[in-house]
Amino acid sequence: MSEDRRLWKIVLIGDGAVGKTSLRKRYLGEGFSTDYMSTMGADFALYDTEIKNTHIRWQIWDLAGQPVFKDVVKAYYTKIFGGVLVYDVTRRLTFQNIEKWLNDMWSHSGRDQKVPVVLLANKIDLREEGAEAVSTEEGKSLATKLGIKFLETSAKSGTGVEEAFNELGKQILEYTKK
Ligand code: G3D
Ligand code: MG
């Protein structure tokens with residue numbers, strides 16, 4: 001482990017049932033600690049890892065449901081270093097709501113500069129052709145428009161999950177240099 005240590009709060013955002021909690025659990029595996037704040041409807045997990053020779057302690061916030069009170073939203077987003085923005089490739093509505101989630105997060109983060117975000121197209125193990133399904137091209141094109149990085153994931157198989165958090169970590173390292 002290097003001498004350089006960071007504690008980074010990040011949030012998982014996106015519509016209900018897109019796979020936020022599953023992605024978190026897949027990334028953390030066994031042996032992580034969770035603090036429940038059931039009264040707030042959110043909880044966070046701590047996880048130590050190393051990215052580019054830097055010791056990172058992730059504090060990963062995850063909403064149990066939709067935030068209802070303004071204070072909850074504020075507490076959830078305040079002082080974040082980044083966000084994992086998730087949609088479900090089998091449900092187009094969850095893709096259509098992405099921009100709303102992103103703008104909410106950026107506007108409540110209390111940061112002068114927009115914090116790093118990765119856009120995840122989750123449940124790719126379930127994707128089939130059809131009008132409901134969101135294609136890779138559509139995901140990429142939205143990410144380009146929003147100026148954020150795009151990855152395809154499956155919390156079920158594990159595809160892309162580690163890469164997604166590593167990518168976010170690299171971006172936050174750059175962000176915190178500024
Ligand atoms: P949320 O935290 O965003 O609300 P969850 O979503 O992590 O609770 O996931 C909602 C449901 O989707 C769960 O199913 C979960 O197992 C499933 N899921 C999450 N990610 C994937 C994925 O990548 N592939 C597949 N096939 N399923 C996934 P249940 O049935 O437990 O409600
Ligand atoms: Mg959840």
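The values are calculated or read from the model by the stated rules, or taken from the named source; none is laboratory data. What you are looking at is a predicted structure, and each value in this text was computed from that prediction instead of being measured. For neighbour counting, all protein chains shown are included, and Cβ atoms are generated from backbone atoms with ideal geometry for every residue, glycine included.
Brief remarks on what is shown
- Screening the range 78-128 for residues that are charged (D, E, K, R) and touching a Lys or Arg at 6+ places or on another chain (Cβ under 7 Å) and picking the one that is nearest to ligand 2 (Cβ to nearest atom) gives D88.
- Near pairs, Cβ below 6 angstrom, 6+ apart or cross-chain, from the range 82-96 (among the acidic types (D, E)) to any residue that is in a strand (DSSP E or B): D88/N122
- Index of the failed condition, V118 passing every other in (1) surrounded by 16 or more Cβ atoms within 10 Å (Cβ to Cβ); (2) modelled with pLDDT under 95; (3) not basic (K, R): (2)
- Only one of the numbered conditions (1) more than 16 Å from ligand 1 (Cβ to nearest atom); (2) in contact with a Lys or Arg (Cβ under 7 Å, 6 or more places away or on another chain); (3) among the small types (G, A, S) is violated by A133, and that is (1).
- If you go through the range 123-145 and pick out every residue that is at pLDDT 95 or above and crowded, with 17+ Cβ neighbours inside 10 Å, you end up with 6.
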